[in-house]
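A.B. asks: Once you've had a glance at the structure underneath, I'll fire off some questions.
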Amino acid sequence: MIKAYLHTEDAIVSLTVELEHLESIDTSALVWLDMISPTPDESIAVERAMKLELPTRQESEEIEYSSRYWEDEGGIWINTSFLVKDQGKINSETVSFILKNSFLTTIRFSEHRLFTEFSRKLRLTPRAFHCGGDVLSGILAMRVDIDADLIEHLSKEIVTIGRKDSHSSHEPSQFLEYITSYEDINITFRENLTDKQRVLSSLLKSTLISDSQKRELSMMIKDVNSLVISANFNFERLDYLQNLFLNYMSMEQNKVIKIFTVMSVIFLPPTLIASIYGMNFRFLPELQWKMGYPLALLLIVLSAILPIYIFKKRGWL
């Protein structure tokens, strides 16, 4: 699907463009061309009508920096990662930006809340967006704000698991899984922010970006640097929680070992005496008792089962 956003006298209008109508678009009024999961035919038609060179999906997802940002005298090509929260999971998806011929072209392969909100903002405040550079700056600014909200939410969740009585409410393996899960999410945030830093730094050096847009980008990069500090602090907090939990588990294990040691010391003298002296008595009344042997077997079984039951109930086994 292809959506076009065009300037009129005092407004920006959006319309869904069919392939046969691409050539009729007034590019002098066009500020943004949004391509959502474009088909090969749509990509070819846009390249021909708009005189653009569009990256393929494989090219946009390459991790080399030269594939993430490049620029020539005619335009700027950017492939950057956007975080998407889906059913409680954070995924990173690539979005491509082409800033050329005074309008912005975006290529994405999934729906993003950001683009829906920015489309609404574009129509409500048309005077703030005169060209594709303004649209690019506005999208990146909104992306940074959303990333800030996501990192703030993650930080609150980390604080929550640190404050709750995790030692008693969760199994040790479950708590460590929580820590690992949050570390993975934070790594995704950190990688995404690093990508944003590179893109913003490159845009600040570009001769195709106006001074007013560079001022906005400078503010954005400061915000991103602050988010990087927050992400690093989350790493430190998670390491602290993990070390604290492991120390707690070590103390609990030491208590169990102490109990086992005390029990061994208590039963060692009777065992030693019985081992040395044995049952060498001339008069043993129990030898004539018919139930003596079955009772002895029962006591042997109980002496093995009862400690196991007690240890499992206390969580020592």
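The values are calculated or read from the model by the stated rules, or taken from the named source; none is laboratory data. Only a predicted model underlies this, so the values are computations on that prediction, with no experimental measurement involved. Cβ placement follows ideal geometry from the backbone for every residue including glycine, while neighbour counts extend to all protein chains displayed.
A.B. asks: Hey, can you tell me all the residues within segment 18-48 that are under 24 Å from R113 (Cα atoms) and at pLDDT below 90?
C.D. replies: Result: E18, single match.
A.B. asks: For segment 2-58, enumerate the residues that are of a type in the set (D, E) and surrounded by fewer than 17 Cβ atoms within 10 Å (Cβ to Cβ).
C.D. replies: E9, D10, E18, E20, E23, D26, D41, E47, E53, listed by residue number.
A.B. asks: Kindly indicate whether D86 is within 33 Å of the chain's Cα centre (by Cα), assigned by TED's automatic domain parsing to the domain that holds K205 and free of Cβ contacts under 8 Å to residues at least 24 places away in the same chain.
C.D. replies: Values: within 33 Å of the chain's Cα centre (by Cα): yes; assigned by TED's automatic domain parsing to the domain that holds K205: yes; free of Cβ contacts under 8 Å to residues at least 24 places away in the same chain: yes.
Judged against the criteria, D86 is a match.
A.B. asks: Would you point out which residue out of R190, R215, R198 is part of a helix (DSSP H, G or I), modelled with pLDDT of 90 or more, assigned by TED's automatic domain parsing to the domain that holds S92 and touching a strand residue (DSSP E or B) at 6+ places or on another chain (Cβ under 9 Å)?
C.D. replies: R198
A.B. asks: Follow-up. Can you tell me which residue among R237, R282 is among the basic types (K, R) and surrounded by 10 or more Cβ atoms within 10 Å (Cβ to Cβ)?
C.D. replies: One residue alone meets the criteria, R237.
A.B. asks: Hey, does segment 56-64 have a residue that's touching a residue at least 24 places away in the same chain (Cβ under 8 Å) and among the aliphatic types (A, V, I, L, M)?
C.D. replies: no
A.B. asks: Do we find a residue being in contact with a helix residue (DSSP H, G or I) (Cβ under 8 Å, 6 or more places away or on another chain), surrounded by fewer than 21 Cβ atoms within 10 Å (Cβ to Cβ) and over 21 Å from M1 (Cβ atoms) anywhere in segment 103-121?
C.D. replies: No, that holds for no residue.
A.B. asks: Related question: Condition first: hydrophobic (A, V, I, L, M, F, W, C) and closer than 18 Å to R108 by Cβ. Now tell me which residues in segment 16-29 satisfy that.
C.D. replies: Answer for segment 16-29, where residues must be hydrophobic (A, V, I, L, M, F, W, C) and closer than 18 Å to R108 by Cβ: just V17.
A.B. asks: Okay, moving on. Taking interchain pairs and intrachain pairs at least six residues apart, which have beta carbon atoms under 8 angstrom, with the first residue in segment 107-135 and farther than 24 Å from K214 by Cβ and of a type in the set (G, A, S) and the second at pLDDT 90 or above and crowded, with 19+ Cβ neighbours inside 10 Å?
C.D. replies: Sorted first by the residue in segment 107-135, then by its partner, the pairs are S119/Y5; S119/D34.
A.B. asks: Still on this structure, please answer the following. Do the conditions hold for M251, that is, is it out of contact with any helix residue (DSSP H, G or I) (no Cβ under 8 Å at 6 or more places or on another chain) and within 28 Å of D184 (Cα to Cα)? So that I can check it myself, show each step before the final result.
C.D. replies: Working: out of contact with any helix residue (DSSP H, G or I) (no Cβ under 8 Å at 6 or more places or on another chain): yes; within 28 Å of D184 (Cα to Cα): yes.
In short, yes.
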